Number of protein chains: 2
Amino acid sequence: MFRQLADLLRNQIESGELGPGEPLPSELRLAQEYNISRTTVRQAIGQLRTEGLVTVDRPRGTFVRVPEPIEIIPLARGEHASARMPTDAERRKYRLGEGVPVLVVTAGDGTETVHPADRVQLTRP
Amino acid sequence: MFRQLADLLRNQIESGELGPGEPLPSELRLAQEYNISRTTVRQAIGQLRTEGLVTVDRPRGTFVRVPEPIEIIPLARGEHASARMPTDAERRKYRLGEGVPVLVVTAGDGTETVHPADRVQLTRP
DNA sequence: TCGAATTTGTCCGTATGTATC
DNA sequence: AGATACATACGGACAAATTCG
């Protein structure tokens, strides 16, 4: 059931019915609207949070995430790249929202640079 | 309180006290051990799941994640790559563990291919 | 300035379902 | 068949922070 609600909200976001920065209905309202418990509503919203689709500003409400401007980073010869979830320390350092991975670029000498995945795109020039 | 338990378990994992593939105590055992509700235990374990530190094999138990063998994928000329968290549907499709991002490679014609980030490394040949 | 209302966060207890051993 | 273990859903209660009259 919580998946159905998550799918429903995700569709509203991806269709533009809920635009970036717009608030979702409150947990209580959603629970009453669909006749489910607040626990189940929170589970659905938790799903969207881990997907990085919404952010929560407590106790103001839950909002559709606003896209970050994208920076283009070239992948130099001999470098390789991977992605993972950040550590807590990295989350604070780069001020990452929930559900935002990091891109790790490793140079030939083993030096690693970390980039927030919601602001960076790798290209091969 | 659930954060304290999550920190405690995370320390046991990172210190090697709980090695890869080893099971965590069951939710019920943890709840009794620390005199907290199973709800709170589940919240703590949920935290570790979103961090990608543990996987759950229902209903066998919860285990410290075993690192995946890595496949090397070249980034062709004109392609670009980014990373994000998968949707629930993608998680099922690619059999992704929780807390595992996806690498999205976009070709020149706009075609997107999705790779599990815990098994793939991008290189520039 | 004060207090009420709103909204999310946390914790508890209970029950039932489902898959594994 | 029975025990075990995680998944899901319900309900209630209080805390913390913001907003607003």
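Within segment A:24-45, if we keep just the residues that are in a loop (DSSP other than H, G, I, E, B) and within 11 Å of DNA strand C (Cβ to nearest atom), the residue that is farthest from A:T62 (Cα to Cα) turns out to be A:S37.
Contact map, segment A:1-23: residues that are in a helix (DSSP H, G or I) paired with residues that are of a type in the set (S, T, N, Q) and open to solvent by 60 Å² or more (accessible area, probe 1.4 Å), Cβ distance under 7 Å, separation 6+ or inter-chain. Pairs shown: A:F2/A:Q43. Which of (1) within 17 Å of the chain's Cα centre (by Cα); (2) under 28 Å from B:P67 (Cβ atoms) does A:G78 not meet, given it meets every other one? Of (1) within 17 Å of the chain's Cα centre (by Cα); (2) under 28 Å from B:P67 (Cβ atoms), only one is false for A:G78: (1). The number of residues in segment A:98-120 being within 27 Å of A:V56 (Cβ to Cβ) and within 11 Å of chain B (Cβ to nearest Cβ) comes to 13. Between B:T87, B:T62, B:T50, B:T123, the distinction of being more than 8 Å from every other protein chain (Cβ to nearest Cβ) and polar (S, T, N, Q) belongs to B:T62 only. Can you pull out every residue in segment A:65-84 that is of a type in the set (D, E, K, R) and facing chain B (nearest Cβ under 9 Å)? Hits for segment A:65-84 are A:R77, A:E79, A:R84. A count restricted to segment B:1-15 and to residues that are out of contact with any helix residue (DSSP H, G or I) (no Cβ under 9 Å at 6 or more places or on another chain) and open to solvent by less than 40 Å² (accessible area, probe 1.4 Å) stands at 0. Note on segment B:46-59: residues that are near DNA strand C (Cβ under 8 Å from one of its atoms) and part of a helix (DSSP H, G or I) amount to 0.
Does any residue of segment A:33-41 turn out to be hydrophobic (A, V, I, L, M, F, W, C), free of Cβ contacts under 8 Å to residues at least 40 places away in the same chain and at negative phi? Yes, there is a match, as at least one residue in segment A:33-41 is hydrophobic (A, V, I, L, M, F, W, C), free of Cβ contacts under 8 Å to residues at least 40 places away in the same chain and at negative phi.
Put simply, of B:G108, B:G78 the only residue that is farther than 18 Å from A:G99 by Cβ, open to solvent by 60 Å² or more (accessible area, probe 1.4 Å) and at pLDDT below 95 is B:G108. Contact annotation: no residue pair with Cβ atoms under 7 Å, 6 or more positions apart or on different chains, pairs a residue in segment A:55-66 that is open to solvent by 90 Å² or more (accessible area, probe 1.4 Å) with a partner that is within 13 Å of DNA strand D (Cβ to nearest atom). Here A:A81 fulfils each of the conditions (1) under 26 Å from B:L48 (Cβ atoms); (2) in contact with an Asp or Glu (Cβ under 7 Å, 6 or more places away or on another chain) apart from (2). Just one of the numbered conditions (1) closer than 21 Å to B:P101 by Cα; (2) open to solvent by less than 30 Å² (accessible area, probe 1.4 Å); (3) not acidic (D, E) is not true of A:L18: (1).
The values are calculated or read from the model by the stated rules, or taken from the named source; none is laboratory data. Just so it is clear, the model here is predicted, and its values are computed rather than measured. Cβ: placed from backbone, ideal geometry, glycine included. Neighbour counts: every protein chain shown. Note: areas computed on protein heavy atoms with side chains; ligands, DNA, RNA excluded. Shrake-Rupley method; radii C 1.70, N 1.55, O 1.52, S 1.80 Å.
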